[in-house]
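One structure is given below, encoded as structure tokens.
The values are calculated or read from the model by the stated rules, or taken from the named source; none is laboratory data. The model shown is predicted, which means the values in this text are computed figures rather than measured ones. Don't worry about glycine lacking a Cβ; one is built from the backbone with ideal geometry, like all the others, and counts go over all protein chains shown. Please note that ligands, DNA and RNA were not included when accessible areas were found on the heavy atoms of the full protein model with its side chains. Shrake-Rupley method; radii C 1.70, N 1.55, O 1.52, S 1.80 Å.
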Amino acid sequence: MTELSTLPGDPSELRLRISYTDELADTPQADTLERWDVSVLHTEGTVGSITFYRVHLDRGMNTVRVMEEESEELDEIAQALLDPSTGGFTEDASSSLPYVGSSLLVMDKVTLDELWRGHGLGAILATEAIHRLMAGCLAIACSPGVTDLSSDRLRNQAEWDRVTTKIARGWELVGFRQYQGNVYLLSPASLELEEQRGATRGRLADLGFVWRRTQAHDISPRPGGG
């Protein structure tokens, strides 16, 4: 049977817009924690977003305190990776990572409009954004979980667990590995990350091909048509 696409548009036309808003705040918090916003764009507008935080461990405030004040998700990652007395990586975390920088990149939230979900696009788009933001970072961290609570079905615990597990597997395909609890870690120097980037780009090309074939199938003349 010929595979047909249910996507609302050609995924090959998705674009990322990466931005950082500097509020020129002369504070230790601003020097320590930067929020980077990634908009997922298509011809009809914005169809998703990704939020990253770049955490500078060598300037400003103690990073553990700053992350704790920002959100529960960032606090969870700080407790797993950072030494509360110094604000730097714990010895265990740093020993498992080749030195390529001094900052921490946190992938906080990845969301896509419902019509674009279910095709692995989140992992594809996140991989591209990570490659553009990871320079100078020793590690990339995330805490896989459901961020869109609008679906009633996710109020069922079994369904919640199933979706959360599926999300974690998606990040494992990118190269993230479970480090502690629900905290996953990825090294920018990982060969797997580079290999997976090639694989995800190939997957995006395949999705685009299937979508265009579906469009051609839908508009082709039917037998006996006028």
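For the reader, a short list of remarks on this structure follows.
- Among residues of region 55-79 that are on the phi > 0 side of the Ramachandran plot, those with a Cβ under 8 angstrom from a residue that is surrounded by 19 or more Cβ atoms within 10 Å (Cβ to Cβ) and assigned to a helix (DSSP H, G or I), sequence gap 6+ or separate chain, pair up as G60/T32; G60/V66.
- Verdict on V163 being open to solvent by less than 30 Å² (accessible area, probe 1.4 Å), at pLDDT below 95, in contact with a Leu (Cβ under 9 Å, 6 or more places away or on another chain) and within 24 Å of A80 (Cβ to Cβ): yes
- Count of region 57-76 residues, restricted to those that are in contact with a helix residue (DSSP H, G or I) (Cβ under 7 Å, 6 or more places away or on another chain) and of a type outside the set (K, R), is 10.
- Cross-chain or 6+ apart pairs with Cβ under 8 Å, region 30-44 first and more than 17 Å from T127 (Cβ to Cβ) and at pLDDT 95 or above, then assigned to a helix (DSSP H, G or I) and open to solvent by 50 Å² or more (accessible area, probe 1.4 Å): H42/E13
- Within region 80-118, the set of residues being modelled with pLDDT of 95 or more and on the phi > 0 side of the Ramachandran plot is empty.
- Looking only at region 170-187, residues that are free of Cβ contacts under 8 Å to residues at least 40 places away in the same chain and open to solvent by 20 Å² or more (accessible area, probe 1.4 Å) come to 3 in all.
- Each residue in region 166-198 was checked for being over 16 Å from the mean Cα position of the chain (by Cα) and under 23 Å from E13 (Cα atoms), and 2 pass.
- Among the residues of region 1-38, the one identified as open to solvent by 50 Å² or more (accessible area, probe 1.4 Å), of a type in the set (D, E) and in contact with a helix residue (DSSP H, G or I) (Cβ under 6 Å, 6 or more places away or on another chain) is E3.
- Residues that are part of a loop (DSSP other than H, G, I, E, B) and either touching a Phe, Trp or Tyr at 6+ places or on another chain (Cβ under 9 Å) or surrounded by fewer than 16 Cβ atoms within 10 Å (Cβ to Cβ) (or both), drawn from region 46-89: L57, D58, R59, S71, D83, P84, S85, T86
- Every pair of residues 6+ apart whose Cβ atoms lie under 6 Å, when the first sits in region 101-118 and is β-branched (V, I, T) while the second is at pLDDT below 90: T111/T147; T111/D148
- Test: residue in region 170-184 that is among the acidic types (D, E) and under 30 Å from D92 (Cα atoms): yes
- Qualifying residue in region 188-197 (condition: at pLDDT 85 or above and in contact with a Cys (Cβ under 8 Å, 6 or more places away or on another chain)): yes
- Filtered residues of region 34-66 (kept if within 14 Å of T86 (Cβ to Cβ) and within 18 Å of the chain's Cα centre (by Cα)): V55
- Screening M107 against (1) surrounded by 20 or more Cβ atoms within 10 Å (Cβ to Cβ); (2) in contact with a Ser or Thr (Cβ under 7 Å, 6 or more places away or on another chain) leaves a single unmet condition, (2).
- Just so you know, in region 1-28 the residues that are small (G, A, S) and not in a loop (DSSP other than H, G, I, E, B) include one that is nearest to A205 (Cα to Cα), and it is S12.
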